[in-house]
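The structure appears right after this line, and notes come after that.
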Amino acid sequence: MAGQFDLAGKRVWVAGHRGMVGGAIVRRLAGENCEVLTAGREELDLTDQRAVLDWMRQTRPQAVFLAAARVGGIMANASFPVDFLRDNLLIETAIFTGAQDVGVEKLLFLGSSCIYPKFSDQPIREEALLTGELEPTNQWYAIAKIAGIKLAQAYRQQYGCDYISAMPTNLYGPGDNFDLNASHVLPALIRKVHLAKQTGGAVEVWGTGTPRREFLYVDDCADACVHLMQGYSGDSHINVGSGEDISILDLTRLVMDVLDYAGGEVVTDPTKPDGTPRKLMDNRRLRDLGWSPKVDLREGVARSYQAFLAGDGRNAG
Ligand code: GDP
C-alpha cells in the first residue's frame, strides 16, 4: 500500500497547527516539499462551519491533517464537559464538510486512545472500539472523537472520499500544555519536579500512582501521521503508539531522574481521580505498515524538559 498518496507539490492544511501535534506535523512536513497551509485562531474559528467552508474554498487544500481539537487532562474534562463534546463535534463537522465540498484528496483525522472502553483487553486493538463502557472522566472528548472516526468512515462509504483516522496514545513533547490545572500527566510531572527541585520539596502525584499509561513523543506521532497519509487507505482507524506502558509512579521516578532530582520525596493524592487503570494500545497494524517509533521515553522527557525551559509550550518555563 506504500506510495499511494504523494504529498509533494500539494497544498496541505494542518488544522490545529498551534497545538502540540499540529505543530509537530508542520515541522515534519518541512521535509516533504509541499505547501503547508495554516489558519490562526484569530483568522478562523474552526467551530464556525460557514467560516471554515469559505476559508477552504479560498485556499483549496488538497490534503488535510485534522489535528485541531479542544484537549485537556483529566480535571479539565471533568470541569468543562460541554466544551469538550460540543466544540470537538463542531470542529469535525465543519472540516469534514469543507473537505468534501472542495474535493480534498486525502484527510487524516486524529483521535485519541480514550475512544476505547475503560476495561479493554490490553494491549488495545483497533477492534475494541465500541465494545464497552467508556471511562467517565473523559467520555465527552471520547464521544466526539468516536464521531470523527465514524465521519471519516461515512464519507468513505457515501462519497468515496479517502479519509482515514489515526488514534495516538498519550503524546508529549515541545509545545505541550504545562498548566497544572489543564495538562496531561507528563508535562504536569515535568513542571512539578522542576518546582520541587527548586524548593527541595516533595513531588505530588495525583491519584494512587498505580495506573499505567503509554507515551509517545509528539514528533514520532507526526512522523507516523505522514507515513499513514502517504501509505494507508482503509476504513479502520490505526493506533499510533510506542507499544510500551509505565506506571505513573515509575514515570514520576523517571522524570525525577532525568531532571536530576532522583533523591526527592514522592507523595500521592488519592483524593484526585486515577482514571482508567491501564491504557496500552496494540500498534501492530502501524508496525505492519512499516513504521516504528524512534524516540524512547527517557530521551523524549529530556527533550521535553529542554523545551519547557526554553518556554516552548503553554505555561512553560
Ligand atoms: P488520562 O490519561 O486521560 O487519564 O489523563 P491524564 O494524563 O491527565 O492522567 C493520567 C494519570 O496520571 C491519571 O491516573 C492521573 O491521576 C495521573 N496523574 C498524576 N499526577 C498528575 C498530574 O499532576 N496531572 C495529571 N493530569 N494527571 C496526573
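The values are calculated or read from the model by the stated rules, or taken from the named source; none is laboratory data. Just so it is clear, the structure is predicted and the values come from calculations on it, not from any experiment. Backbone-built Cβ (ideal geometry, glycine too); neighbour counts: all protein chains shown. The accessibility values were calculated without ligands, DNA or RNA, using every heavy atom of the protein model including side chains. Shrake-Rupley method; radii C 1.70, N 1.55, O 1.52, S 1.80 Å.
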- Query: Straight-line reach from residue 279: which aspartates and glutamates have Cα under 17 Å away, leaving out those fewer than 8 places along the same chain?
  - Reply: 121, 126, 127, 133, 135, 214, 244, 245, 250
- Task: Please build a GNM for the chain, connecting alpha carbons under 10 Å apart, and tell me which residue among 208, 271, 137 fluctuates the most.
- Result: 271
- Express in whole angstrom the spacing between the alpha-carbon centres of region 137-209 and region 255-298. 12
- Estimated inter-spin distance, residue 121 and residue 58, nm [label 7 Å along Cα→Cβ]: 5.1
- Query: For residue 11, what is the net charge nearby, where nearby means another residue's Cβ is under 9 Å from its Cβ and Lys, Arg count +1, Asp, Glu -1?
  - Reply: +1
- Message: Over the chain, with a Gaussian network built from C-alpha contacts below 10 Å, which listed residue (119, 215, 65) shows the highest mean-square fluctuation?
- Response: 119
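Over the chain, what percent of the accessible surface lies on carbon and sulfur atoms, probe 1.4 Å?
So the carbon and sulfur contribution to the accessible surface is 48 percent.
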- Message: Springs between alpha-carbon pairs under 10 angstrom, Gaussian network model over the chain: which of 164, 25, 74 fluctuates most?
- Response: 74
- Note on the structure: Counting only protein heavy atoms and rolling a 1.4 Å probe, one gets per residue an accessible area for the chain in Å² of 43
- Any lysines with Cα under 21 Å of the residue 150 Cα? List them, leaving off those in the same chain fewer than 8 positions away. 106, 118
- Query: So what J values fall out for region 174-185 if you push phi through Karplus, 6.51 cos²θ - 1.76 cosθ + 1.60 with θ = phi - 60°, rounded to Hz, Gly and Pro as x?
  - Reply: x, x, 5, 9, 9, 6, 4, 7, 10, 7, 7, 5
